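What follows draws every value from the coordinates through simple rules; no lab data is involved. Please read all numbers here as calculations on a predicted model, not as lab measurements. Neighbour counts run over all protein chains shown; Cβ positions are idealised from the backbone, glycine included.
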Amino acid sequence: MASNDSEHPGDVIPSGIKILVAGGFGAGKTTLVASVSEIEPLSTEEVMTEASVGVDDLQGVEQKVSTTVALDFGRITISDELVLYLFGTPGQQRFWFMWEELAHGALGAVVLADTRRLDTSFPAVDFFERRSVPFVVAVNCFDDAYRYSEREVTEALTLDERVPVLLCDARSRESAKTVLETLVRHVAATAAAPA
């Protein structure tokens, strides 16, 4: 949408879209937000302490030493007309109550999946399906994880065929940007589809 300000006739006012980045504990949500954000991301990472023993399931992510306790926040400009505001959710079950508040006003979501612990993706998939929030599943390809195909992940998570599934590396800005661009296209296609 072009500005009406005659002093700056070429200025464009970007539209902002709220996007959630959700998934299981240790799936790479903080990493994805940090890798793609054009601003210094806000992160509420805290060092894990002995208080989490017996509460947080570290199976498959034994090397994890910190965790998000509230949210991650970042921003990326996709085009002159589109800015994405990214809100990363906490992954542990004890913080899931925050998802409802974070999801308010979100137009789409990324479910970041870790194939070492694929079952931890189900709560995020269920959350967005129940609320009819368009989402994509991005499989974070950890170096020590078996590489499943997009088709295998779709079947394992019993996803609707229209839900895009793609492989990614949350550490890579280009890979994370591809995930977000895929989500934007999916959100647009969902909005244009007949009810």
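Annotations for the structure displayed:
- Multiplying the residue separation of LEU82 and GLU101 by 0.36 nm and removing their Cα-Cα distance gives an extension gain of 4.5 nm.
- Mean Cβ neighbour count within 10 Å, used as a protection proxy, ranking 157-169, 102-114, 127-139 highest first: 102-114, 127-139, 157-169
- Long-range HN-HN contacts of PHE135 with modeled amide H, under 5 Å: ALA109
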